[in-house]
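Heads up, the thing below is written out as structure tokens.
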Amino acid sequence: MALNAGVEAARAGDAGRGFAVVASEVRELAQRCSDAAGRIKNLISTSTDHVKAGVDLVGQTGSALGNIVTRIAQVDEIVSAIAVSAENQANSISEINVAVTKLDKVTQQNAAMVEESTAASLEVNNETEALLGLVSSFNVDADKERHDGAEYEAEDRINNDSPSHEGVVSAA
């Protein structure tokens, strides 16, 4: 357009001076438009690069978030396994507690039986001493002839440590 205006101004001569000014202004305007278009092209190119970089960053962010979700799922599985293990341990501890309680009860029963056995032993010991005292009051002559069958039976029971002493040897 500026070229056409310059050609028309040259043909018109002095009368075309106005066309020359317009042609010069159109040339400047065209040059500025060309420069602005170049800058816009650079801005668009830069913006495109920024958008591509942003898309790449969004892709990386999506990938990182996917990894985070995967790791969270793994942590959740581990925590669930720990919870199950803790519950199993709690159940085991409860079973051990029941067993210890039973063992304590049996131990207490054994201790009571030992006390009863000790008391019974002391009582048997006391009765034995009393019986020894009673038996020592009897006078038994080993050389004497015995004709009474009851006396022989009582003597056999005493000599054989028989628990039954119902046959009594007569006191001298």
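The values are calculated or read from the model by the stated rules, or taken from the named source; none is laboratory data. Here the structure is a predicted model, which means the values were calculated and not measured. Heads up, the Cβs are rebuilt from the backbone with ideal geometry, glycines too, and the neighbour counts pull from every protein chain shown.
Values for this structure:
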{"item": "Check on ASP104, acidic (Asp, Glu), under 49 Å from the mean Cα position of the chain (by Cα) and assigned to a helix (DSSP H, G or I)", "result": "yes"}
{"item": "Residue within segment 148-155 that is in contact with a Lys or Arg (Cβ under 8 Å, 6 or more places away or on another chain), of a type outside the set (S, T, N, Q), modelled with pLDDT under 90 and assigned to a helix (DSSP H, G or I) present", "result": "yes"}
